[in-house]
1. For every other residue with a beta carbon closer than 14 angstrom to the beta carbon of Ala365, add +1 if it is Lys or Arg and -1 if Asp or Glu, then tell me the sum.
2. Once ligands and nucleic acids are excluded and a 1.4 Å probe is used, how much of Phe26 is accessible, expressed in Å² to the nearest 10?
3. Given the DSSP H assignment, sum -39500 (n - 2.57) over each helix run of at least 4 residues in the chain and divide by its residue total; what's the result at 222 nm in deg cm²/dmol, nearest 500?
4. So, for segment 300-430, what is the accessible surface per residue at a probe of 1.4 Å, expressed in square angstrom?
5. Amide H of Thr175: which non-local residues (sequence gap of 5 or more, or other chain) have their own amide H closer than 5 Å, using H built in the peptide plane?
6. Where q = 0.13 Å⁻¹, what log10 of I(q)/I(0) comes from the Debye formula for the chain, counting one point per Cα?
7. In a GNM of the chain with a 10 Å cut-off on Cα contacts, which of Leu91, Leu362, Leu82 has the highest mean-square fluctuation?
8. In a GNM of the chain with a 10 Å cut-off on Cα contacts, which of Asn308, Asn262, Asn89 has the highest mean-square fluctuation?
Amino acid sequence: MNKLPISADLIAEHNAAREAALAEDFEALGRKLSRTGIDIDAIKDKVAGFSVAVPTWGAGRGGTRFAKFPIPGEPTNIHEKLEDCAVINQLSRLTPRVSPHFPWDKVSDYPALREQAAELGLGFDAVNSNTFQDQHGQAHSYNTGSLSSTLEATRQQAVEHNIECIEIGRMLGSTDLTVWVGDGTNFPGQQDLARSLDRYLEAAAQVYAALPDDWRMLLEHKMFEPAFYSTVISDWGSSILAARELGPKAKCLVDLGHHAPNVNIEQIVARLHRFGKLGGFHFNDSKYGDDDLDSGSVNPHQLFLVFNELVEAELHPRDGFNPSYMIDQSHNVTDPIESMLSSAEAIAQCYAKATLVDRDALHAAQDCNDTMMAFQALRRAYTVDVTPILAQARLEAGGAIDVLDVYRTSQWRVRKAQERKVVGLGAGIV
């Protein structure tokens with residue numbers, strides 16, 4: 001039996017006051033779309049079938065590399081994180097899966113954790129390993145790297161941790177392991193750049209060999225940070241080469257913030273899909289470099305263009321199309337629940353707009369090199385206000401028409417501040 005955190009009566013009362021206006025907006029948009037041959041209910045059904053995971057670590061305040069500023073009511077353990085994630089999904093009906101991170105989310109009873117999640121209406125997405133931080137009681141430091149460390153004992157420790165994450169994931173019902181390593185260098189000559197990649201591939205192959213038959217290993221690249229001269233898996237090229245070397249269960253994971261400025265990320269999507277290596281997406285936004293800002297807050301048009309390629313790939317799956325979608329943000333100055341509610345909406349909006357693109361007109365313009373009409377096929381879809389479609393899909397699924405209004409009215413954060421322990425000051429990102 002579900003134990004949803006927000007009162008169903010509160011949501012129903014909120015929706016009742018807004019249903020008439022929503023119906024009017026939905027009908028008006030439906031008439032507009034029908035003039036171009038688009039069935040609004042078909043688009044609504046696609047939106048209703050769309051989902052994106054939320055990360056457990058995103059439920060708490062993040063921070064810069066210098067400081068963290070916690071807020072009252074912030075979750076202090078995985079159980080409280082699941083409660084907050086359940087709020088996001090109950091109101092938005094877009095985030096039914098949670099991505100845990102280990103050892104941050106370690107518990108003694110994983111079947112019980114899976115049961116708690118199910119009672120909150122949640123399942124588990126990809127499990128994430130952590131070999132970029134030293135933990136209390138750890139035998140070997142990762143200050144020389146992890147899977148690419150020059151020290152064999154350190155590499156083996158990193159391999160064993162990733163295999164442990166797979167075993168935990170099996171108990172939680174996950175089928176993906178996300179591997180991001182902070183391995184790299186800060187000085188020229190610090191390490192042999194070729195041999196460090198060899199060591200990574202050798203160690204990653206041991207993790208790959210431990211994958212169950214129905215699992216995937218998602219390789220996440222990052223251009224810089226924490227290392228600022230070189231990074232072992234620094235870009236999509238390194239990622240796809242490593243994935244192809246490891247085998248068919250190894251895929252590439254694209255984080256929107258992990259690129260050089262002005263990189264054409266939508267083209268990367270198309271390339272990875274072409275070679276069957278598009279495994280997942282971490283959604284956020286960036287102004288300067290790896291900012292982990294709220295999705296769509298800075299460049300919503302780029303997010304739409306990314307989804308245009310994702311929808312194109314969905315319609316032409318080649319050898320398969322099943323990417324894992326997750327929000328990955330650092331909420332430094334906002335309530336994390338509000339940020340993820342807002343981001344889930346922005347992501348779903350771009351997905352909905354991408355489904356509105358007249359593919360026949362787009363492809364015809366492309367084939368005859370009519371640049372302006374090809375661009376206009378995208379622009380027409382992007383300028384449509386799809387908020388009534390998303391709100392109607394939420395309403396029919398039991399969510400809230402105005403998610404932020406219900407969340408604030410519920411006083412969830414205020415109530416949790418009275419129940420939960422105070423989170424101490426932090427010196428960094430997590």
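1. Its environment carries a net charge of -1.
2. We get 30 Å² for Phe26.
3. Working: 16 runs with 203 residues, N = 430.
Counting only the DSSP helices, I get -15000 deg cm²/dmol.
4. Numbers: 6030 Å² over 131 residues.
Accessible surface, normalised per residue, equals 46 Å².
5. The answer is none.
6. -1.21
7. The residue that fluctuates most here is Leu362.
8. Of Asn308, Asn262, Asn89, the Gaussian network model singles out Asn262 as fluctuating most.
The values are calculated or read from the model by the stated rules, or taken from the named source; none is laboratory data. Bear in mind that the values here come from a model prediction, so they are computed numbers and not experimental data. All Cβ positions, even for glycine, are placed from backbone atoms using ideal geometry, and neighbour counts span all protein chains on display. These accessible areas exclude ligands, DNA and RNA; they are computed on the full protein's heavy atoms, side chains included. Shrake-Rupley method; radii C 1.70, N 1.55, O 1.52, S 1.80 Å.
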